[in-house]
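The values are calculated or read from the model by the stated rules, or taken from the named source; none is laboratory data. All values derive from a computational prediction rather than experimental measurement. No Cβ is skipped: glycine too gets one built from the backbone with ideal geometry, and neighbour counts run over all protein chains shown. The area values use the complete protein model at the heavy-atom level, side chains included, leaving out ligands, DNA and RNA. Shrake-Rupley method; radii C 1.70, N 1.55, O 1.52, S 1.80 Å.
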Amino acid sequence: MNDQDRRSMPLFAIGIVKKLTELTARQIRYYEDHDLIQPERTTGNQRLFSFNDVDRLLEIKNYLDKGVNLAGVKLLLDPSMKKAEEAEEKATEITERELRHMLKHELYEAGRFGKSSLRQGELSRFFH
DNA sequence: ATTCTTACA
DNA sequence: TGTAAGTA
């Protein structure tokens, strides 16, 4: 078994994830409803989160703290966002005034790092 | 004891 | 988002 398999392995119940991310169960479930994460389910319908899910939630939390709304976070975490211009259009179209001003410039620079660099540390430094 | 869904403040 | 209710 390789690292990727390990990172995507369904291991933690929501109670663990709450402690790890300091998010409420309400928020975690809400983000799932909005397709920002897709945790596995046990036979009893209980959510099981992987390391990737936890990292993802941490990133979501960071963006949210920076003032980006769900629509914006969704775009930032979307693998299809390879070009800043593309994301910029969608962002301004969906979240209008919220992201338009702030995200315009920052997404442009962030986009220059490409998909693989759209991770926690690297991109977050653009959001001040 | 925990988590889940639904629904209302 | 928080929280209450009724379950699984």
Qualifying residue in region A:34-48 (condition: part of a helix (DSSP H, G or I) and of a type outside the set (K, R)): no
Residue that is at pLDDT 95 or above and not polar (S, T, N, Q), where the choices are A:K74, A:K19: A:K19
Within region A:33-63, considering residues that are within 14 Å of DNA strand B (Cβ to nearest atom), within 11 Å of A:S8 (Cα to Cα) and of a type in the set (D, E, K, R), the one most open to solvent (accessible area, probe 1.4 Å): A:E40
Residue tally, condition farther than 18 Å from A:R26 by Cα and in contact (Cβ under 8 Å) with a residue 40 or more places away in the chain, over region A:51-73: 5
Qualifying position, being within 9 Å of DNA strand C (Cβ to nearest atom) and of a type outside the set (F, W, Y), among A:G67, A:G72, A:G44: A:G44
